[in-house]
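See below for the structure under consideration.
Every number in this text was worked out from the coordinates using simple rules, so none of it is lab data. Everything numeric here is computed off the predicted structure, so don't read it as measured data. All Cβ positions, glycine included, derive from the backbone under ideal geometry; neighbour counts span all protein chains shown.
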Amino acid sequence: MKPAYDYTLEDLDDLLNMACFIQADKAREFAINVLNSRDVPIPWMLYYGQCYDIPEWIPNAFWALVHRWTGNLTETNFHILGCRNLRVLFHVKEEVSNLRSQISYTAPSIPHDSTCPSNKECQDTWNASWWGSFARHYLHPERPETPDEAIFKLSHAGPPKVHVSCHTRAVEWIKEKGILQREEQIIQHSINMVLQGSWQP
Ligand SMILES: [Zn+2]
């Protein structure tokens, strides 16, 4: 067998194909290990995961397609993703996008602390900051923040003029209600359906 660095993606695709067909476990393992060490394009990760029964690759590839893939639908991508995956993907992306818009357009009400000097001023500042600062990054068209990144920023870069205790309470409330995590449930549900081969919108 030639050294790992000599294998192109096409070679590894052929090797996996052959190894799965003749049930050559060692060759399959070799190809998977080499692919794991490469920067494989995301659509190909999903394709390999599904074609060659590597289920652990499917969730990561699917997450990346929903969050990071801007939809450069070349003819090759179209073929390797396939109509069924694309249907699931576009459906989920739209659902997540709608959810993010809903969250961004309406700032949550602050559960004010008893030490808050002016509930109205505090809420007005929070509302302005929610749209002017939080939403800009959360809705970024090329690199939207993940829910964890958004929560981290909300927690650590509190908007000025919002009463400190109120800000802490508001962030805790958002975490407790899992508002930014709802999209993870939507995506996970679709991944489960894709893995089971029984996806329905
Ligand atoms: Zn307040």
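Listing for the model above:
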item	result
Inter-centroid distance (Cα atoms) of segment 7-28 relative to segment 41-91, Å	20
Residue-span extension gain [residue 192 to residue 152] - 0.36 nm each, minus C-alpha spacing	11.7 nm
Label-point gap, in nm, between residue 4 and residue 22 - each point 7 angstrom along Cα→Cβ	2.3
Fully extended contour minus Cα-Cα distance, from residue 63 to residue 184, at 0.36 nm per residue	42.7 nm
Selected from 117, 147, 43 as most flexible by GNM, with the chain as the system and alpha-carbon contacts under 10 Å	117
The chain, relative contact order in percent, only Cα pairs under 8 angstrom and at least six apart counted	19
Positive-end extreme of charge dipole, the chain - chosen from 118, 8, 63 (charges on Cβ)	118
Most mobile of 101, 155, 114 in a GNM of the chain (Cα contacts under 10 Å)	114
The chain shape via C-alpha gyration tensor axes, a/c threshold 1.5	prolate
Lysines whose Cα lies under 20 Å from that of residue 177, excluding same-chain neighbours fewer than 8 positions away	153
